[in-house]
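Data block below; observations after.
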Amino acid sequence: MDALILPAPKPAMGRGFSFARLTLVLLLVMAALPACQATVLAPQPTDQVPEGGWPRMLVDDEGTTIEIAQPPQRVISLSPANTEIVFALGAGELLVGGTDFDDYPAEAAALPDVATFTGVLLEQALALDPDLVLAAGNNFTPPGDIERMRELGLAVLVVYAETVEGVLADIGLIGQAIGADEAAAEVVDEMRQRIARVEAATSAVPQRPRVFYQIGSEPEIYAPAPDSFIADMVVLAGGEPITTADPAVFSISVEQLVAQDPEVIVLGDAAYGVCPPAVGARPGWSSMTAVRNGAVRPVDDTIVTRPGPRLAEGLAALALAIHPDADIEPPMAGTSLCPEGLLVR
């Protein structure tokens, strides 16, 4: 199924547009070169990584095995999450190209753009002479672009995490691909520890409220699908996610929301001016428990839904939005949102 692109909330998209939200919408609505010769092989059951050595044969998230002959020296990233991962592994100097939505860390914004909302800028990508391309699956990087790059001899590793555990695995996979195995293990270990602390704190809270995570609100109200990445995050954060009834449908009616009666509403689109007072003023919303009790709270969607190294901090932010009184250390990174109910600092 081709990805259905939902209308973006206002303001219009630009480099400041939250690519995490764009990623989520695209992913959810679905349901070689001289320095590093890459050969696309038949899918293999496991990765084969010689200890401390090369070549390496890695199986990506689409089941394709690529052989990487030697440590890459020129890497391009086709998603902001992949860009963040490379920087977090201390290998930002390897990146020679990124996307026009890269915004973290600050150095990422200066990378030459080789991907946009519409796809890969193939000529620009080839001109950078990469020996490894980090793409995103499930149609986030158009499959035709991936196929064409491989036809031209580029080593393309595709990652796509459907769960939090999948994000941790992808960080390890990218670490293997660029020769930063130890750094990846350290990042993953730190994330696991942070996630465990959040889960321990939320498990100590007796109530698991019904939570509606609002992905977007124009022109319709958009909600997580069953068994989606956001739903997984809500569960880990100590809530019961309210989802659409169909894995292929990502809009939800007011009638459905009223029937499911959210006890907490988390505004993933708060960065676009959608704040608690506006939500409470919507026709039909005043009867919801979350609105009556003032439990409509903004969150920094970027750290909550971008599948990268800040995800554990995003989980903490989401858990605090659901359980404001829980004993959870506030996230160290995030964007200040809405004066009302500010939880991310």
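Before moving on, here are some points about what is shown:
- One residue stands out in region 150-164 among those that are at pLDDT 95 or above and in a helix (DSSP H, G or I): the one that is nearest to the chain's Cα centre (by Cα), namely Arg150.
- Matching residues in region 241-284 - criterion: being of a type in the set (A, V, I, L, M), buried (at least 17 other Cβ atoms within 10 Å of the Cβ) and within 20 Å of Asp300 (Cβ to Cβ): Val264, Ile265, Val266, Leu267, Ala270, Ala271, Val274, Val279
- Count of region 267-284 residues, restricted to those that are under 18 Å from the mean Cα position of the chain (by Cα) and hydrophobic (A, V, I, L, M, F, W, C), is 3.
- Top-ranked residue in region 285-298 [being under 12 Å from Phe212 (Cβ atoms) and crowded, with 21+ Cβ neighbours inside 10 Å; ranked as nearest to the chain's Cα centre (by Cα)]: Arg297
- For the criterion of being under 25 Å from Leu267 (Cβ atoms) and in a loop (DSSP other than H, G, I, E, B), Glu199 fails.
- Residue among Glu93, Glu67 that alone is surrounded by fewer than 22 Cβ atoms within 10 Å (Cβ to Cβ), part of a helix (DSSP H, G or I), modelled with pLDDT of 55 or more and not aromatic (Phe, Trp, Tyr): Glu93
- Within region 138-176, the only residue that satisfies the criterion of being buried (at least 21 other Cβ atoms within 10 Å of the Cβ), of a type in the set (Gly, Ala, Ser) and either farther than 27 Å from Ala196 by Cα or in the same structural domain as Ala237 (by TED's automatic domain parsing) (or both) is Ala155.
- Meets criteria (of a type outside the set (D, E, K, R), farther than 16 Å from Leu315 by Cα and in contact with a strand residue (DSSP E or B) (Cβ under 8 Å, 6 or more places away or on another chain)) for Ala290: yes
- Screening region 213-240 for residues that are touching a Lys or Arg at 6+ places or on another chain (Cβ under 8 Å) and surrounded by fewer than 22 Cβ atoms within 10 Å (Cβ to Cβ) and picking the one that is modelled with the lowest pLDDT gives Glu218.
- Residue match in region 105-112 (condition: under 17 Å from the mean Cα position of the chain (by Cα) and either among the aromatic types (Phe, Trp, Tyr) or not in a helix (DSSP H, G or I) (or both)): yes
- Checking each residue in region 116-149 for being modelled with pLDDT under 95, within 19 Å of Arg306 (Cβ to Cβ) and either part of a helix (DSSP H, G or I) or not hydroxyl-bearing (Ser, Thr, Tyr) (or both) picks out Phe117, Gly137, Asn138, Asn139, Phe140.
- Residue within region 281-294 that is at pLDDT 95 or above and among the β-branched types (Val, Ile, Thr) present: yes
- Options Gln73, Gln124; residue that is farther than 19 Å from Glu62 by Cα, assigned by TED's automatic domain parsing to the domain that holds Glu162, in contact with a Pro (Cβ under 7 Å, 6 or more places away or on another chain) and surrounded by fewer than 24 Cβ atoms within 10 Å (Cβ to Cβ): Gln124
The values are calculated or read from the model by the stated rules, or taken from the named source; none is laboratory data. The structure presented is a predicted model; accordingly, all values stated were derived computationally and were not measured. So basically every Cβ, Gly included, is an ideal-geometry build from the backbone, and we count neighbours across all protein chains shown.
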